[in-house]
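Only the coordinates and a few stated rules stand behind these numbers; no lab work does. Since the structure is predicted, the reported quantities are computational estimates derived from the model, not experimental observations. Heads up, the Cβs are rebuilt from the backbone with ideal geometry, glycines too, and the neighbour counts pull from every protein chain shown.
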There are 2 protein chains.
Amino acid sequence: MAPPPVSLDPAVEAFIASRRVGHLATADADGTPHVIPVCYAYDRGLVYSALDLKPKRVPSRELKRVRNIRANPRVALVVDDYSEEWDALAYVLIQGQATILESGAERDRAETLLREKYEQYAEMLQEGCATLRITPERVVAWGRPFAP
Amino acid sequence: MAPPPVSLDPAVEAFIASRRVGHLATADADGTPHVIPVCYAYDRGLVYSALDLKPKRVPSRELKRVRNIRANPRVALVVDDYSEEWDALAYVLIQGQATILESGAERDRAETLLREKYEQYAEMLQEGCATLRITPERVVAWGRPFAP
């Protein structure tokens, strides 16, 4: 079971759900940060990202982000819009806890959501892929879509 | 003086120099990651990012990334291309040390480079802005532009 997530404003939820790529930051036990672009699915306050793609060049347990999360489950994910019109810059920053889902109903649902959002996964996602769950603990939304 | 940076492949340098936004990850003393989009300039193995914009809503010393860097100077910056054609996905991940430049010839040059790259700074950058320098220690380039 997922822990109860923080409540997100509908505008923030819509922003996260509609974007195609986020950037996931982890840190190892020594506090050395790492950050990569990730595809993700948003579902009722939680964020999911797949770990096993085809061709499987690196077992998921050996991915740097997975090794970092096993040592330190705190993560940050930012979803943002870049534009040369800087009035249109916007981001949502999520800080929270990451959990690696190896099996179970929640993992199955996350895989379905990821396949629905990204048609590319039809060919590129391992069935039964390990999946990262991010449980937001602190969320900051910045930019015009979130102006009061 | 900057410490001697690692040597970067010309294709990696060209990729970094030509993109408009990167994502900067820091971690606080407890290892909690933080990540935001940043504009930056690349110069001979080093990356610079401005800290003081106009209007100055938050003094640079109070920015979360600055507080993190003062507690833990290790940072990661990723510059990447997203595309719905996943064959075209690419990124350069830099892990290294961050230094905050408050004054001096290197800071002055970084401000000039940032103003040359982003015309938006003509109105939005504080003159004499504090500037972040990232000195790469480890660089990973992934994707077709860097295929052997």
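With respect to the stated conditions, A:Ala105 fails to be at the interface with chain B (Cβ under 10 Å from one of its Cβ atoms), small (Gly, Ala, Ser), without any contact (Cβ under 8 Å) to a residue 60 or more places away in the chain and at negative phi.
A Cβ distance below 7 Å, combined with a sequence gap of six or more or placement on separate chains, defines the contacts here; from segment B:11-32, residues that are more than 7 Å from every other protein chain (Cβ to nearest Cβ) reach residues that are basic (Lys, Arg) and surrounded by 14 or more Cβ atoms within 10 Å (Cβ to Cβ) in the pairs B:Leu24/B:Arg65. Just one of the numbered conditions (1) within 11 Å of the chain's Cα centre (by Cα); (2) surrounded by fewer than 19 Cβ atoms within 10 Å (Cβ to Cβ); (3) not β-branched (Val, Ile, Thr) is not true of B:Arg70: (1). Any residue at all in segment B:134-146 that's closer than 23 Å to B:Ser18 by Cα and of a type in the set (S, T, N, Q)? Yes: segment B:134-146 contains one or more residues that are closer than 23 Å to B:Ser18 by Cα and of a type in the set (S, T, N, Q).
For every residue, the table says whether it meets (1) surrounded by fewer than 20 Cβ atoms within 10 Å (Cβ to Cβ); (2) small (Gly, Ala, Ser); (3) over 30 Å from B:Arg65 (Cα atoms); (4) in contact with a helix residue (DSSP H, G or I) (Cβ under 8 Å, 6 or more places away or on another chain).
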position: A:Glu102; (1), (2), (3), (4): yes, no, yes, no
position: A:Thr112; (1), (2), (3), (4): yes, no, yes, no
position: A:Tyr118; (1), (2), (3), (4): yes, no, yes, no
position: A:Met124; (1), (2), (3), (4): yes, no, yes, yes
position: A:Glu127; (1), (2), (3), (4): yes, no, yes, yes
position: A:Thr135; (1), (2), (3), (4): yes, no, no, no
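Is one or more of the residues making up segment B:82-97 within 11 Å of chain A (Cβ to nearest Cβ) and among the β-branched types (Val, Ile, Thr)? There is at least one residue in segment B:82-97 that is within 11 Å of chain A (Cβ to nearest Cβ) and among the β-branched types (Val, Ile, Thr).
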